[in-house]
Amino acid sequence: MSDLLAIEPVSPHLLRSLREHVHERLRRAIVAGNFRNGERLNERHLADLLGVSTTPVKDAIRKLESEGLVRTEARRGVFVEFSARQALEMALGRAALESVMAHIAANRIGDAEIAEMAGLIDEMAHATEHSALEDLVNLNEAYHGMIHRISGCAYLERRLDGQRMYDHAQRIALLGEPAERRQGYVEHKGIFEALAAHDPALAEQRMRSHIVRSAKSHVRQVFGADAEGLAYDE
């Protein structure tokens, strides 16, 4: 790939795809804990690992900095900025927003939407049983996206945009664990039952509990003992 970039011009579409690929790989590695908080990132080394030139790596680092996952220090370099506390704080922000959206969705959901969500739950059960990780990640995102849509809270949904990258990477990491897949399914089914029953308080509580619990699991998975001091009950 680096030889191709050096020998001939790359089309804008290919270059854009390459940049997105490198950005996603590095972002996922940071969120998965492959790079530790405070670790210095060497652009040339990363480019060699990924088999690319340093240009898409530089572009990715700029995006990661805008997402709050790295910081650049003059004359010192680029450092990972992803701690257990930051990960949990991001999840608490998401829990606050999505629990409110679940509350509103429980008041607004109609019969057709209940049937559609029931179909999603069935698909999630099948994917969970067959350990279909990619399908399960996509279904998780479709499930939460549907609740957002039903709630009609466009403003709150925009507030979530800034951390979708973290949510996506967290799902990939967590859903690789069989126990987490099963627990996640049980919780999603419970939220759906509260929505279908038009019980806003229960939908809100179950959504908050689900997001905080799964975030704590991810923080422990990535940071181990570093997560033990984080005091927030789901």
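Would you check if Val78 is assigned to a loop (DSSP other than H, G, I, E, B) and crowded, with 18+ Cβ neighbours inside 10 Å? So Val78 does not fit the description; no. Contact map, region 135-152: first residue in contact (Cβ under 8 Å) with a residue 40 or more places away in the chain and among the β-branched types (Val, Ile, Thr), second residue part of a helix (DSSP H, G or I) and open to solvent by 10 Å² or more (accessible area, probe 1.4 Å), Cβ cut-off under 8 Å, separation 6 or more or different chains; pairs are Ile150/Arg108; Ile150/Glu113.
Evaluation of Asp59 against the conditions (1) open to solvent by less than 50 Å² (accessible area, probe 1.4 Å); (2) at pLDDT below 85; (3) of a type in the set (D, E, K, R) shows that the sole unmet condition is (2).
All told, Gly152 meets the bar of being open to solvent by 30 Å² or more (accessible area, probe 1.4 Å) and at positive phi.
Taken together, Glu129, Glu134, Glu116 contain a single residue that is at pLDDT below 95 and more than 21 Å from the chain's Cα centre (by Cα), which is Glu129.
Picking from residues in region 1-33 that are acidic (Asp, Glu) and in a helix (DSSP H, G or I), the one that is modelled with the lowest pLDDT is Asp3. Arg36: touching a residue at least 24 places away in the same chain (Cβ under 8 Å), within 18 Å of Gln170 (Cα to Cα), outside any helix (DSSP H, G or I) and open to solvent by 60 Å² or more (accessible area, probe 1.4 Å), yes or no? So Arg36 fits the description; yes.
Considering (1) of a type in the set (Lys, Arg); (2) open to solvent by 60 Å² or more (accessible area, probe 1.4 Å); (3) in contact with a Ser or Thr (Cβ under 7 Å, 6 or more places away or on another chain), the lone condition that Arg181 does not fulfil carries the number (2).
The values are calculated or read from the model by the stated rules, or taken from the named source; none is laboratory data. What you see is a predicted model; the values in this text were computed from it and never measured. All Cβ positions, even for glycine, are placed from backbone atoms using ideal geometry, and neighbour counts span all protein chains on display. Note: areas computed on protein heavy atoms with side chains; ligands, DNA, RNA excluded. Shrake-Rupley method; radii C 1.70, N 1.55, O 1.52, S 1.80 Å.
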